[in-house]
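Everything below concerns the one structure shown next.
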Amino acid sequence: MDKFVIRGGNPLLGTIRVSGAKNSALPCMSAAILTEDEVVLENIPQVRDIETERKLLTSMGAEVELGYGRAQHRTTICCRTLSDPVAKYEIVKTMRASSLVLGPLVARCGVARVAQPGGCAIGDRPIDLHLKGLELMGATIVQEHGYLEARAQRLKGAHIVFDKVTVTGTEDLLMAAVLAEGETLMENCALEPEVTDLAALLTAMGACIQGAGTSTIHVQGVSKLHGAKRRIHPDRIEAGTFLIAGAITGGDLVVANCQPAHLSAVISKLEACGARIEALGPDSLRVRGDGPLHENDVSTEEYPGFPTDMQAQYMALATQAEGTSTVKENIFENRFMHVGEMVRMGANIRVDGRTATVRGKTPLSAAAVMCSDLRASAPLILAALVADGESILDRVYHVDRGYERIEEKLRGVGAQIRRMGNVFGNGKKA
Ligand code: EPZ
């Protein structure tokens, strides 16, 4: 199993480039199920979850080509024949976003069998709202042997009001609605840029969608979709992680190929803590951590609020800020797995229910730590970048699920980080 060895103390200087958004790429790849034609996606990140999605689609009979040229991260997907509309447990258990094939499979094939995802490290994570929406659209759903089977001759447009804002729920039902008969009205939808990215792809495929990016989405179903090409937008969570890396190390870092508009909540929070951030053109941000950092409270919210996927990274920053910051997690019930490992590195953090209290500024000391989940891994990297000595991060396959070659990117801006073991994807030793 790969490990990262990180020696702290270097400020990050130079330019670091953001990859495409994993959480846009995954639903867009699933959307290819909706047509017999080719769907071409560019700016696909080279991360493990994308490889899992490729396996998932090919196991159903799709042809998926992943071209990872240095410049062109492109995938071409052709779902001409889908001989086996099943998302098998072996795949779903490693990536919960596999449930995103449910809506498109029922819409295209009239049947879908998807393994029930079950609990995961960050909580229970039910998909009841996906199922409720499909039932409203006329699907019958049977649960047996750990699988959900959904069937419908043709889905029908419906009025769906989400009880709770759900990102993949909105995406899943949007993909179901575009091929349904008649009009679908979805209310209390997620506003995340990933939903907008998917809606733009579906529109390019011939779907009729209005209101994506607002809480109310109207869809007029069509009988067929065609192929399309789309460039996935940059990953706002990777960009936010790099902004914190620049600030926490006292660096001067240009975060290139990002979309500043998607990062408003993160930028204003970091500025409130004392980081200096300026836009350098439409797709680059410069962050400077040359002044003292100070405390600020944060509370996670749905977009455009402060993202839950940045909560752990923010906590790493708070350990290096003067004063006491509280961090409230409102989206998932169990998203503080990183805390124990950060405390082992010297952080002063106390958790009470969904609130963590971070007392700074504490010197961090290098330690051997364990990554427990994708987003719980990033703060350990950030903490190690400022810790005194050499840290060893174990189980970095969690990092590889969502960050493309993060060690190469960080090394390029002055971090002392290396991988021990096989480099994900190319078999070379680091
Ligand atoms: C998406 O997960 C992301 N995953 C997550 O990123 C992200 O943390 C999350 O949105 C919140 O921003 C992908 O896009 C692939 P939700 P998702 O449905 O859609 C409850 C990563 O590693 N809920 O918006 O699964 C749920 O339990 C991942 O990149 C129900 O109760 O999250 C949670 O409390 C981690 N019933 C809340 O809604 C449902 O049917 C929001 O979850 C669905 C969700």
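The values are calculated or read from the model by the stated rules, or taken from the named source; none is laboratory data. As the structure is a computational prediction, the values presented were derived from the model and not from experiment. Every residue, glycine among them, receives a Cβ derived from its backbone with ideal geometry; neighbour counts consider all protein chains shown. Accessible surface areas use protein heavy atoms only, side chains included; no ligands, DNA or RNA. Shrake-Rupley method; radii C 1.70, N 1.55, O 1.52, S 1.80 Å.
Does any residue of the stretch 215-234 turn out to be closer than 18 Å to ALA97 by Cβ and either of a type in the set (Ser, Thr, Tyr) or open to solvent by less than 10 Å² (accessible area, probe 1.4 Å) (or both)?
yes
How many residues does the stretch 294-351 contain that are part of a loop (DSSP other than H, G, I, E, B), within 18 Å of LEU270 (Cβ to Cβ) and either among the basic types (Lys, Arg) or outside the structural domain of GLU271 (by TED's automatic domain parsing) (or both)?
Qualifying residue count, the stretch 294-351: 0.
Is it the case, given these coordinates, that ALA190 is small (Gly, Ala, Ser), closer than 23 Å to TYR303 by Cα, open to solvent by less than 20 Å² (accessible area, probe 1.4 Å) and within 16 Å of the ligand (Cβ to nearest atom)?
Against the criterion (small (Gly, Ala, Ser), closer than 23 Å to TYR303 by Cα, open to solvent by less than 20 Å² (accessible area, probe 1.4 Å) and within 16 Å of the ligand (Cβ to nearest atom)), ALA190 qualifies.
Does at least one position in the stretch 20-36 carry a residue that is among the hydroxyl-bearing types (Ser, Thr, Tyr), open to solvent by 20 Å² or more (accessible area, probe 1.4 Å), over 23 Å from GLY110 (Cβ atoms) and out of contact with any Lys or Arg (no Cβ under 6 Å at 6 or more places or on another chain)?
no
Which residue pairs have Cβ atoms closer than 7 Å, lie 6 or more positions apart in sequence or on different chains, and pair a first residue in the stretch 361-374 that is assigned by TED's automatic domain parsing to the domain that holds ALA318 with a second residue that is of a type in the set (Val, Ile, Thr) and open to solvent by 30 Å² or more (accessible area, probe 1.4 Å)?
Close Cβ pairs satisfying both conditions: LEU364/VAL386; ALA368/ILE392.
How many residues are within 30 Å of MET175 (Cα to Cα) and outside any loop (DSSP other than H, G, I, E, B) if we restrict to the stretch 1-23?
3
Quick one: which strands (runs of 3 or more DSSP E) sit completely within the stretch 24-90 and have at least 3 residues that are in the same structural domain as VAL114 (by TED's automatic domain parsing) and farther than 24 Å from LEU179 by Cβ?
63-68
Please go through the stretch 7-47 and give me each residue that is of a type in the set (Lys, Arg) and out of contact with any Pro (no Cβ under 8 Å at 6 or more places or on another chain), ordered by number.
ARG7, ARG17, listed by residue number.
For LEU41, are the conditions met, namely being crowded, with 24+ Cβ neighbours inside 10 Å, closer than 27 Å to VAL106 by Cβ and either more than 16 Å from the ligand (Cβ to nearest atom) or of a type in the set (Ser, Thr, Tyr) (or both)?
no
In this structure, is SER325 in contact (Cβ under 8 Å) with a residue 12 or more places away in the chain, away from the ligand (no atom under 16 Å from the Cβ), open to solvent by less than 50 Å² (accessible area, probe 1.4 Å) and of a type in the set (Ser, Thr, Tyr)?
Judged against the criteria, SER325 is a match.
Could you please find all residues in the stretch 363-403 being of a type outside the set (A, V, I, L, M, F, W, C), open to solvent by less than 10 Å² (accessible area, probe 1.4 Å) and within 15 Å of the ligand (Cβ to nearest atom)?
SER377, PRO379, ASP400, GLY402, TYR403
Name the one entry in LEU174, LEU243 that is within 16 Å of the ligand (Cβ to nearest atom) and at pLDDT 95 or above.
LEU174
Consider only pairs whose beta carbons are under 8 Å apart and that are at least six residues apart or on different chains; among these, list those whose first residue lies in the stretch 332-350 and is touching a residue at least 60 places away in the same chain (Cβ under 8 Å) and whose second residue is basic (Lys, Arg) and crowded, with 22+ Cβ neighbours inside 10 Å.
The qualifying pairs are ARG335/ARG375.
Here's the yes/no breakdown for (1) more than 13 Å from the ligand (Cβ to nearest atom); (2) in contact (Cβ under 8 Å) with a residue 40 or more places away in the chain; (3) of a type in the set (A, V, I, L, M); (4) farther than 30 Å from ARG375 by Cβ:
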{"position": "ALA87", "(1), (2), (3), (4)": "yes, no, yes, no"}
{"position": "MET95", "(1), (2), (3), (4)": "no, yes, yes, no"}
{"position": "SER98", "(1), (2), (3), (4)": "no, yes, no, no"}
{"position": "GLN116", "(1), (2), (3), (4)": "no, no, no, no"}
{"position": "ILE127", "(1), (2), (3), (4)": "no, yes, yes, no"}
{"position": "LEU136", "(1), (2), (3), (4)": "yes, no, yes, yes"}
{"position": "HIS145", "(1), (2), (3), (4)": "yes, no, no, yes"}
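ALA177 fails exactly one of the following numbered conditions: (1) touching a helix residue (DSSP H, G or I) at 6+ places or on another chain (Cβ under 7 Å); (2) crowded, with 24+ Cβ neighbours inside 10 Å. What is the number of that condition?
ALA177 satisfies all of (1) touching a helix residue (DSSP H, G or I) at 6+ places or on another chain (Cβ under 7 Å); (2) crowded, with 24+ Cβ neighbours inside 10 Å except (1).
Can you find a residue in the stretch 124-141 that is at pLDDT below 95, closer than 28 Å to SER264 by Cα and either more than 26 Å from the chain's Cα centre (by Cα) or open to solvent by 10 Å² or more (accessible area, probe 1.4 Å) (or both)?
yes
Among the listed residues ASP309, ASP252, ASP297, which satisfies the condition of being within 14 Å of the ligand (Cβ to nearest atom) and either at pLDDT 95 or above or open to solvent by less than 60 Å² (accessible area, probe 1.4 Å) (or both)?
ASP309
For residues that are within 16 Å of the ligand (Cβ to nearest atom) and either surrounded by fewer than 19 Cβ atoms within 10 Å (Cβ to Cβ) or β-branched (Val, Ile, Thr) (or both), tally how many sit in the stretch 201-214.
Qualifying residue count, the stretch 201-214: 1.
Just to be sure I understand, how many residues within the stretch 395-424 are within 19 Å of GLY246 (Cα to Cα) and among the aromatic types (Phe, Trp, Tyr)?
1
Filter the stretch 331-352 down to residues that are open to solvent by less than 60 Å² (accessible area, probe 1.4 Å) and not aromatic (Phe, Trp, Tyr), then give me how many there are.
Adding up the residues that qualify gives 12.
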